[in-house]
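The structure appears below as structure tokens.
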Amino acid sequence: MAPGWSADQLRGVLDDDILAELMQGADWPVMARQLVGLQQAGVDLGTFLPQMGRMTAAVHQAVAANIARTNAEGTDRWADLLTATMPEGLVRDAILASPAWPDIAAQMGQLDASGIDVARILLDAHAAGAGVD
């Protein structure tokens with residue numbers, strides 16, 4: 001693939017400043033091929049990318065709100081434990097972004113306070129579901 005080919009394919013779909021920023025990333029060649037592949041498969045990137053941006057912003061806001069709540073309630077250590085016991089990926093991200101996460105973290109704290117080894121439960125659950133993500 002000639003240098004700039006993917007960027008040329010995407011020019012007009014992405015703003016020049018966004019395209020320039022993306023092209024500076026180390027993962028640009030892979031991302032560009034994926035975007036061009038979507039475009040060639042008939043995906044309207046002019047519609048898809050703004051929607052993806054809105055979804056990403058919504059998830060980011062949800063995660064930030066959950067972090068603020070768990071910090072305020074003192075249950076943030078459970079997010080750290082979940083991060084340490086589950087591999088990075090869609091499942092872990094979905095749990096942490098879930099509106100239910102602060103309640104789950106609070107319940108984990110209650111279980112821990114009653115003597116249940118929450119870390120062991122998470123490790124066992126991860127082992128049982130290995131490869132699910």
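The values are calculated or read from the model by the stated rules, or taken from the named source; none is laboratory data. The structure presented is a predicted model; accordingly, all values stated were derived computationally and were not measured. Cβ coordinates were reconstructed from backbone atoms using ideal geometry, including for glycine residues, and neighbour counts include every protein chain displayed. In case anyone asks, the SASA skips ligands and DNA or RNA and just uses the protein heavy atoms, side chains included. Shrake-Rupley method; radii C 1.70, N 1.55, O 1.52, S 1.80 Å.
About its Cα centre, the range 86-131 has a charge dipole of approximately 40 debye under the convention of +1 per Lys or Arg Cβ and -1 per Asp or Glu Cβ, with nothing else charged. In the context of the full set of protein chains, residues of the chain present 64 Å² of accessible surface per residue (probe radius 1.4 Å, heavy atoms only). The accessible surface of the range 1-118, taken with every protein chain in place and a 1.4 Å probe, is 59 percent carbon and sulfur. Among Thr47, Thr70, Thr56, whose mean-square fluctuation peaks in a Gaussian network model of the chain (Cα, cutoff 10 Å)? Ranking Thr47, Thr70, Thr56 by mean-square fluctuation puts Thr47 first. Ordered from highest to lowest accessible area with the whole protein assembly present and a 1.4 Å probe, Leu123, Leu14, Leu19 read as Leu123, Leu14, Leu19.
Shown here: percent of Cα pairs over 25 Å apart, derived from the displayed model; of the candidates [x] 47; [y] 38; [z] 26, it corresponds to [x].
Put a plus charge on the Cβ of each Lys and Arg, a minus charge on the Cβ of each Asp and Glu, and nothing anywhere else: the dipole of the chain about its Cα centre is then about 160 debye. Of the two radii for the range 35-94, the radius of gyration is 1.17 times the Kirkwood radius, both from the alpha carbons; that is the Rg over Rh value.
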